Amino acid sequence: MQDFNSYANGSGPAGKGNDNLSDMINSLAGKYNGASEAELMRAIVKEAEKGKRNGTLSNADIDRFAAMLSPMLDDKKRAYLKKIVAELKKI
């Protein structure tokens, strides 16, 4: 994965904005092929934490990323995402 901020800002691998969400997902899937869902979530959260700590990721960036991801999740996973977003915003 490139940096989380590039995805949150909608400028993922091909730099085409939010319309390129499927490319971002394919990139993540390729990099973490064979990884569990938990491993993928840990990687995303780790990258987000790094961005928050070094000042390259804002709460608005996190909200944009969550808004892109949320429609693809079921209710349980959407609630988990909401919890993660709240925790990241505290950093």
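Read-outs: derived from the displayed coordinates by stated rules, not from any lab. Keep in mind that this is a model prediction, so the values were computed, not measured. Glycine also receives a Cβ, built like all others from the backbone with ideal geometry; neighbour counts cover every protein chain displayed.
Between rounded, prolate and oblate, where does the range 43-88 land on the alpha carbon gyration tensor, with a ≥ b ≥ c its root eigenvalues, rounded for a/c under 1.5, else prolate if a/b exceeds b/c? Don't skip to the end; give the middle numbers.
Numbers: a/c = 2.36, a/b = 1.89, b/c = 1.25.
Judged from the Cα gyration tensor, the range 43-88 comes out prolate (a/c at least 1.5, a/b above b/c).
So which of K31/K83; K52/K83; K50/K82; K50/K76; K31/K82 end up more than 22 Å apart, counting from Cα to Cα? Could you put the intermediate results ahead of the total?
Numbers: K31/K83 25 Å; K52/K83 16 Å; K50/K82 19 Å; K50/K76 26 Å; K31/K82 24 Å.
Beyond 22 Å between Cα atoms: K31/K83; K50/K76; K31/K82.
Apply 1/(1 + (r/R0)^6) to the Cβ-Cβ distance of R78 and E49, taking R0 = 22 Å, and write down the FRET efficiency to the nearest 0.05. All intermediate terms of the calculation are to be shown ahead of the outcome.
Details: r = 21 Å, r/R0 = 0.94.
The formula returns an efficiency of 0.60 here.
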